[in-house]
1. Quick check: anything in the stretch 369-382 open to solvent by less than 30 Å² (accessible area, probe 1.4 Å) and either free of Cβ contacts under 8 Å to residues at least 40 places away in the same chain or under 25 Å from CYS257 (Cα atoms) (or both)?
2. So which strands (runs of 3 or more DSSP E) stay within the stretch 194-296 end to end and still have 3 or more residues that are more than 20 Å from TRP397 (Cα to Cα), basic (Lys, Arg) and modelled with pLDDT of 90 or more?
3. Inside the stretch 394-404, can you point out the residues that are modelled with pLDDT under 90 and assigned to a loop (DSSP other than H, G, I, E, B)?
4. Does any residue in the stretch 258-278 that is within 20 Å of PRO156 (Cβ to Cβ) and touching a residue at least 12 places away in the same chain (Cβ under 8 Å) come within less than 6 Å, Cβ to Cβ, of a residue that is open to solvent by 30 Å² or more (accessible area, probe 1.4 Å) and of a type in the set (Lys, Arg) six or more places away or on a different chain, and which pairs are these?
5. Restricting attention to the stretch 268-286, which residues are under 20 Å from the mean Cα position of the chain (by Cα) and open to solvent by less than 50 Å² (accessible area, probe 1.4 Å)?
6. Considering only the stretch 376-393, state which residues are charged (D, E, K, R) and at pLDDT 80 or above.
7. Can you name the residue in the stretch 24-45 that is open to solvent by less than 20 Å² (accessible area, probe 1.4 Å) and in contact (Cβ under 8 Å) with a residue 60 or more places away in the chain and is also nearest to GLN7 (Cα to Cα) among such residues?
8. For the condition modelled with pLDDT of 90 or more, closer than 24 Å to HIS139 by Cα and open to solvent by less than 30 Å² (accessible area, probe 1.4 Å), what is the one hit in PRO357, PRO348, PRO315?
Amino acid sequence: MDTGKHQLLPKINSPYDKSYKEGVNPMTNAEFQKLASTAREMDRYARYALTDPSVPPKARERCRNEFRMCAEWASRGMCGLPPTAMGLSMLLPRDDNDNNNDDVDDNAFDNRAGPNDVLFMMNNCPLACRMCEELESFHKCAGRRHPSPSLAAARPSFRSGELHSFFEEKRVSEEDDGWAEYEPLFASRPIAEEEKEGGDAYDDPYVVVLRKFLSEEEVNHLRTMAIVLTAQMTTSDSPSRNTAYAGSARCNNDDTCNSDDIYQRIMHRISLLTNSTIYHLESMEFVQFGSNTQHQTTSYQHNFQVNSLWKPAGPRVLTLFVFLSDTTSEGGGGELGFPHLDWLRIRPKKGMVVLWPNVRNDNILESDSSTAFEHLPLKKGGGSVMGAYVHVRLHNWTDASLRGCA
């Protein structure tokens, strides 16, 4: 297989080296280690991932590097995600019994690459990014946004700088204009310097718990839908997130969800809640996770997807997770956790919703690393917790889905 140009691995330019030249090859030891790691992972990806029969032949042909510096550019983050996430699982394992795990990288989900960087890398360095399986989607979908920007459904759901004001208006508004009927709890939010007595300001993201969002009837109806959808799916259809998950199923563009009045009513409520249109909402994804008895670890996740920088619907601006059950395990567990927000954990409660942003307020095309999250396994006694995700996209997701570019 032709993998393109051989990659440069320059020596470290150290003042302690006899060959040191000021201004030449200013690569630090840490930068060199990142580059070496990227090169090793690229080689491993070419040897094993690309030789899998499931990889389309055309993607294998296109999987190459057109420049000798592709690996270095990838190691510097130009692919859109750090080397631990590119083309591989974004899940970072940790010991569930260690709340002070030193292996957690606070910047693991930072994304500083812009759309132009990602487009360049996908066109010229897909092997270095280890994202060759996305090439078919990239060439089919890049730039194919809804052609009618005058329609409300084709306008962006948010613009840079609007996320904080969206949440803050809901927090301080009167009952008639806010979320009072849902009993909101702002579990995390930015704190201005004048609010923080005797301390500094900090810019934590908003995480809002809506304690009464769904009725008992609506919860039971969604649980029934989840069972039906799961039964209709094959094992290969079900997206696997981590070892704690027992199953997953998504509403597709078919009559099962589209013709269901209660489902449509809930989705309309979510669009009003998030000041978006129903066209900006991804279809609901139902998940179920259990005791995870074989692997006593959980995994950190993030809902920012690098392919969203070229796909028509854009990134997942907001994520809403609704609990469809309480904890059924005797030992508890099943919490939704945010490890970078002082280990914030939210206990499952039927009908309750958690809402948080995936992107930065100042740049909506960059991920907010602090909203990495985890679903903790149930501790003992078996049982499971059910829930559902709905993501708010920057642009019209429904149209992108119909075009095969979701």
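The values are calculated or read from the model by the stated rules, or taken from the named source; none is laboratory data. This is a predicted model, so every value here is computed, not measured. Cβ coordinates were reconstructed from backbone atoms using ideal geometry, including for glycine residues, and neighbour counts include every protein chain displayed. We work out accessible area using only protein heavy atoms, side chains counted, and drop any ligands, DNA or RNA first. Shrake-Rupley method; radii C 1.70, N 1.55, O 1.52, S 1.80 Å.
1. No - not one qualifying residue is present in the stretch 369-382.
2. Numbers: elements: 207-210, 245-250, 285-289.
It comes to none.
3. Once the filter is applied, which keeps residues that are modelled with pLDDT under 90 and assigned to a loop (DSSP other than H, G, I, E, B), the stretch 394-404 yields ARG403, GLY404.
4. Close Cβ pairs (under 6 Å, with a partner that is open to solvent by 30 Å² or more (accessible area, probe 1.4 Å) and of a type in the set (Lys, Arg)) do not exist here.
5. ILE270, SER271, THR274, SER276, HIS280, LEU281, GLU282, SER283, MET284, GLU285, PHE286
6. Going residue by residue through the stretch 376-393, those that are charged (D, E, K, R) are 379-380, 393.
Across the stretch 376-393, the qualifying residue is only ARG393.
7. Among those residues, the one meeting the criterion is THR38.
8. Result: PRO315 is the single residue among PRO357, PRO348, PRO315 that is modelled with pLDDT of 90 or more, closer than 24 Å to HIS139 by Cα and open to solvent by less than 30 Å² (accessible area, probe 1.4 Å).
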